[in-house]
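The values are calculated or read from the model by the stated rules, or taken from the named source; none is laboratory data. This is a predicted model, so every value here is computed, not measured. A quick note on method: Cβ atoms are made from the backbone with ideal geometry, for glycine too, and the neighbour counts reach across all protein chains shown. Remember, those area values only see protein heavy atoms, side chains included, never the ligands or the DNA or RNA. Shrake-Rupley method; radii C 1.70, N 1.55, O 1.52, S 1.80 Å.
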Amino acid sequence: MNDVALGEIAQALGGELIGSAALRITRIGPLEGATPSTLCFLSNPRYTSQLAASQAGCVIVAPAFREQAVQRGAAIVADDPYVYFAKLTQWWARRMLPTVPAGIHPSAVVAATARIGQNVRIEALAVIDDEAEIGDGAIIGAHSVVGRGTRIGARTRLAPHVSVLDGCSLGERCIVHSGVVIGADGFGFAQEQGRWVKIEQLGGVRIGNDVEIGANTCVDRGALGDTVIEDGVKLDNLIQIAHNVHIGAHTAMAGCVGVSGSTRVGAHCTIAGGVGIAGHLTIADNVHVTAMSLVSRSLLKAGVYSGAFPIDDNKDWEKNAATLRQLHALRERVRALEKKLK
Amino acid sequence: MNDVALGEIAQALGGELIGSAALRITRIGPLEGATPSTLCFLSNPRYTSQLAASQAGCVIVAPAFREQAVQRGAAIVADDPYVYFAKLTQWWARRMLPTVPAGIHPSAVVAATARIGQNVRIEALAVIDDEAEIGDGAIIGAHSVVGRGTRIGARTRLAPHVSVLDGCSLGERCIVHSGVVIGADGFGFAQEQGRWVKIEQLGGVRIGNDVEIGANTCVDRGALGDTVIEDGVKLDNLIQIAHNVHIGAHTAMAGCVGVSGSTRVGAHCTIAGGVGIAGHLTIADNVHVTAMSLVSRSLLKAGVYSGAFPIDDNKDWEKNAATLRQLHALRERVRALEKKLK
Amino acid sequence: MNDVALGEIAQALGGELIGSAALRITRIGPLEGATPSTLCFLSNPRYTSQLAASQAGCVIVAPAFREQAVQRGAAIVADDPYVYFAKLTQWWARRMLPTVPAGIHPSAVVAATARIGQNVRIEALAVIDDEAEIGDGAIIGAHSVVGRGTRIGARTRLAPHVSVLDGCSLGERCIVHSGVVIGADGFGFAQEQGRWVKIEQLGGVRIGNDVEIGANTCVDRGALGDTVIEDGVKLDNLIQIAHNVHIGAHTAMAGCVGVSGSTRVGAHCTIAGGVGIAGHLTIADNVHVTAMSLVSRSLLKAGVYSGAFPIDDNKDWEKNAATLRQLHALRERVRALEKKLK
C-alpha cells in the first residue's frame, strides 16, 4: 500500500476538505518540488509565494489562506496547519510504514528475573538485566541494555544501542534514540590534597511519560536523590544532563545543550542549541534561551534571554574583540571626558 | 542488609562521633528532607541555616560547627566534611550495593589469544579481541569492545557499551562510562587540490591510573605518537579529546569540553563545562578556565581565565551586541573626543 | 615485517630521494625525538630550526629546504611534504599494519534478506537488518547495526558500535567511527496547547563517497526529504547534524560543531571546533568559521568569519563583561559628548 485517498486522511484527522476525496496521495512533502500526488502544508507565511506555483495535489492551510489555496486546487483547511501536519505524519507512519512484530529475538540476553509485559519487542542482542521490568508494548532496540531493576514504561521505544543503566525508570510512550546513556555516574568528586576522591552516585534517574531523548544524549544518575525529567520533555541530540538536574514538564532543549548539576529548569522552557546552564541554578517556567548562551545565574522571570558574541567578518571581529578587552578602560575614558565637560 | 549502625561508620571512616553509636542509618541524604535515620553532611556554610531545622539522625560537620550540630542531635566531627562524605559514599556503595560476581558470560566473544586476569568479570556480549589483556579484577560491561592488543589495567571498570579500540592502554582502577570511545582516529587530513587526503592515525592512547571518563566522551588515538591522559584525571560526559593531546595528572574537565589536537594541558587544572581549547597550545599547571570560554592562546601562568558573553534579557543583549560590532569605531570616536579636548 | 627500505617508499610515492635507498625505516615520527631509522617531514616553517638538530634518518622537505635538509642526511624532496606525508601514512598502514580477513563472524545476526557483497567483513555481534545492502569489500565493525533497507557502499568501513538506521545510504570508501548514529529522528515538533506533538521523521540520510564521520557524531534523518552529506566531507567527533541539513562536497567540520535543521552549508568550507550554525541558513562555498562562533545569519560570501569572546584573566573579563552589559548606554554617552563638543 503506497498511496491513500485524500478523503481517508481528512476523515481520520479532521479539517475541512475542499476538493476531491478520491485524490490519491503518495507522499507528504514541501511545496517546492511537490507533484500532483503530494500533500503539502503552509504554516509559515514566508512561503505563501510558493503556494500558487506549487504542483501539490493538496495543501493544508489556515482559514486565512482558504481563498488562495482553493484557487490552485484541493485544500484542507485546519486551525493550525502545522499541528495538523504533525498529526498527519504520525498517522502516515502508523499507516504506511512497515510494523514491527512483538517477540524476543533469540540472540537477546534476558535475565530470568526480568518481568516482560505483553506484546513487547526485544530485538537482536539486547540485554535485559535482573529484576528489570518492561511494560506492555515496549520496544527494546538491537544492542540496547536495560539495567538491573530498571523500569521501562508501556509503549516506550528504545532505539538500537541505548543504555538505561541500573535502577532507573522511564515512563510510558517515551522515545529514546541510539547512543543515549541514562544513569551513568554524575561527575562528583571531593578534593583531598590535590587528588579527587570519588563521590559514589547513589541516586537514580526518573523520567516521566511522553519524553523523547535524542541520539547520544546523556542523563546522569543523581548523587543522593534522583535526576528527574518530567512529562513531555523533549531533548535533542548530544545533550548533557548532569546529576540531580530537574527538568519541568514540556520543556524542549535543542542539540548540544549542557545542564550542570542540581539545576532546576522550569516547565515549558525552550533552550536553544549549544546553550550551557551552570550548576545549582533555578530557571523559571516559560524561559527561552537563545543559541549558545551561557546561563551563569538563575533566571527567575519568564522571558527571552541571550548571550552570544555576534558573528562578523574575521577582520572586524579581531578589531572589536581586541577593543573589548579594554572596554572597562574605555568606559573610564568616557567618564573622564564627561567630567571634563561638566 | 538495609541499615547500618552509626558507630560502624565512624569506626570505618574515623572522625569524632558525638551521640549514639547504635543509631541505625538507612540512607545518606541532603539536610532538607532528612529523616531520623538519614546521615547528612554540612560542607557549604550556605546551608548552615538548614542545620537546626533538619530531622537528620546525624550530621557530619567541620570542627567550627561542632556546637551548632550537637545542639540538634548526633554528629560526626571531621576536618573536611565533604571528603568524609565522599569516602562515606564509597564505603556505602561497597557495603550496601549488591556485588557483581566474576566470570565470563557465555555470550561474550573472547579471542583465544586474549589474556584474561584473575577475578575478571566479562558481561554479556562483550567482545575481547586478539592479544588484548584484561587485568585482575577488571570488569568489562555488557556490549563493550576491547580492541586488538589493548591493555585494561587491574580493577578497571568499563560500563556497558564502551569501545577501547586497538592498541590502547588503560591503567588500574579506572572507570569508563557507557558510550565512551577510546582510540578512534584523530581528525587529520592534508589538502590536495581542494580534496582531503587522510593521514592515517598510527599512534595510540595511553591512559594512567585512577582516571574516570564520562559517558559518550571521545579520546582519539595519536597521529604518530600517542594521546596521553595522566593519573587521576577526571573527564565528564561528551568531551572531545583530540589526537596527541596530553592531559596532566589530576586535571578535571566538566561536560562538553573540547580539546584540539596536540595541546598540552597541565596538571591540577579545572576546565569548566563547554570550554573549547584550540590546538597546539600549552596550558600551565593549576589553570582554571570558566564555563564556555574559548582558549585561543597558550596560558602559561596559573590562574583563572574567562571568556564568555554575559547573559542578558534578549532586548538588552540585542542592543549591546549590535553596538559591539562597532566597538572599535566607538573607541576611535572616544579618541577623537580626547584629542579635541586636549 | 617491521622495517622497510627508504627506496621502497620513494618508489611507491614518488619524490626525489637524496641519500641511501637502502636505509631501513622503522617508523614515521616528528623531528623531535627522531632516531636514525625515523622518517620525518617538514611542512611548517616554524619547525625549521629542529631540522639541523634532528637525528632523523630521512626528512621529507619542500624544494625550498633541499639544501638545509641535505646538509644533515637523507631527504625526500616533494612539492607538498604534508600531502606526501599523508600518503605515506596510508601506504604505511596498508603495508605495515595487520590486515583483517573478510568473512562473517558466527555471532553476527544477518537477516536472510540482506544482500552482502564480495569480500565483506562482518565482525562479532554486528546486526544487519532486512533488505540491507553491504557493498563489496565493506567492513562492518563489531556491534554495529545496519538498519532495514540501508545501503553501505563498497569498501566503506564502519568501526565497532556504529548505528546506521533504517532507509539510509552511505557511499563508497567512507569511514564511520565508533558511536556514530546515522538516521535517528530529527528534532521536530509542533506545539499544541503547551504540549509538543511529534512530527514523524519520514526522510532518510544520504551520504556520498569518501566521507569520514568521527566518533559519537550524529546525523539525523530528514523530516520529509533527506539529510544530505556530499562527497569528501570530513566530520570530526561529537558533531550534531540536524534533519534536512545539506553539506557540500569536501567541507570539513571539527569537533563539537552543531548544525541546525534545514541549513545548507556550501562546498569546501571549514568549520572550526564548537561552532554552532542556526537553522534554515545558507552558507556559501569556501566559508571558514573560526572556533566557537555562533552563525546566526546566512553567510553568502566566501571568507573568514568569527564570533567568540576573547579569553582574559578572570578579573579583567569580569570588568569588561560588566561594562559590556552597558555598552549601548556607553555609546549614547559618547554620542552626547560629541553633540556637546560640536
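Computed values, structure above
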{"item": "Copies compared at B:Q68 - label distances in nm, ascending, label defined 7 Å from Cα in the Cβ direction", "result": "6.5, 6.5"}
{"item": "Among B:I229, B:W91, B:A308 the positive-end extreme of the charge dipole of chain B (Cβ point charges)", "result": "B:A308"}
{"item": "Among A:V259, A:V287, A:V197: highest mean-square fluctuation, GNM of chain A, C-alpha pairs under 10 Å", "result": "A:V197"}
{"item": "Å² per residue, accessible surface of chain B at 1.4 Å", "result": "38 Å²"}
{"item": "Dipole magnitude of region C:104-305 about its Cα centre (Cβ charges: Lys, Arg +1; Asp, Glu -1), debye to nearest 20", "result": "340 debye"}
{"item": "Peptide A:82-89, shielding by other chains (average Cβ, 10 Å cutoff)", "result": "6"}
{"item": "For region C:248-299, radius of gyration divided by Kirkwood radius, i.e. Rg to Rh on alpha-carbons", "result": "0.90"}
{"item": "Accessible area (Å², 1.4 Å probe, nearest 10) - B:Y305", "result": "20 Å²"}
{"item": "Minimum 50 Å² accessible area buried by the other protein chains, region A:196-225 residues, probe 1.4 Å, relative to alone", "result": "A:W196, A:K198, A:I199, A:E200, A:L202, A:E212, A:N216, A:L224"}
{"item": "Separation between Cα centres of region C:177-195 and region A:300-342, rounded to whole Å", "result": "37 Å"}
{"item": "Carbon + sulfur, % of accessible area of the protein assembly as shown - ligands and nucleic acids excluded, 1.4 Å", "result": "50 percent"}
{"item": "Set A:K315/A:K342; B:K315/B:K340; B:K301/C:K301; A:K319/C:K339; C:K315/C:K342 screened for pairs whose C-alpha atoms are more than 31 Å apart", "result": "A:K315/A:K342; B:K315/B:K340; B:K301/C:K301; C:K315/C:K342"}
{"item": "Among A:S49, A:S107, A:S293: highest mean-square fluctuation, GNM of chain A, C-alpha pairs under 10 Å", "result": "A:S49"}
{"item": "Packing rank of B:317-324, B:112-119, where each peptide gets the mean count of other beta carbons within 10 Å, highest leading", "result": "B:317-324, B:112-119"}
{"item": "Taking the convex hull of Cα positions in region A:103-305, its mean projected area over all directions (nm²)", "result": "10.9 nm²"}
{"item": "Copy-to-copy label separations for A:Q191, where each label sits 7 Å from Cα toward Cβ, in nm and ascending", "result": "4.1, 4.1"}
{"item": "For a label point 7 Å along the Cα-to-beta-carbon line of A:D79, residues of region C:163-198 with backbone N under 17 Å", "result": "C:190-197"}
{"item": "Average Cα contact separation per residue, region A:4-96, under 8 Å, 6 or more apart, as relative contact order %", "result": "27 percent"}
{"item": "Most mobile of A:A329, A:A223, A:A254 in a GNM of chain A (Cα contacts under 10 Å)", "result": "A:A329"}
{"item": "Computed FRET value (nearest 0.05) for A:L341 with A:Q68, which takes r as the C-beta separation and R₀ as 51 Å", "result": "0.30"}
{"item": "The protein assembly as shown pair-distance distribution - Cα-Cα, 20 Å bins, rounded %", "result": "13, 42, 34, 11, 0"}
{"item": "Separation of the A:S298 and B:H280 label points, Cα + 7 Å toward Cβ, nm", "result": "4.7 nm"}
{"item": "Copy-to-copy label separations for C:I18, where each label sits 7 Å from Cα toward Cβ, in nm and ascending", "result": "8.1, 8.1"}
{"item": "Whether region B:4-96 is rounded, prolate or oblate, judged on the alpha carbon gyration tensor where a/c under 1.5 counts as rounded", "result": "rounded"}
{"item": "Inter-label distance, nm, simple model (7 Å from Cα along the C-beta direction), B:A53/A:A322", "result": "5.5 nm"}
{"item": "Contact order normalised by residue count of chain C, Cα under 8 Å, 6+ apart, percent", "result": "6 percent"}
{"item": "For C:L224, solvent-accessible area (1.4 Å; no DNA, RNA or ligand), Å²", "result": "40 Å²"}
{"item": "³J(HN,Hα) computed for each position of region A:66-80 - Karplus, 6.51 cos²θ - 1.76 cosθ + 1.60, integer Hz, glycine/proline x", "result": "3, 4, 4, 5, 5, 4, 9, x, 5, 8, 10, 9, 9, 4, 10"}
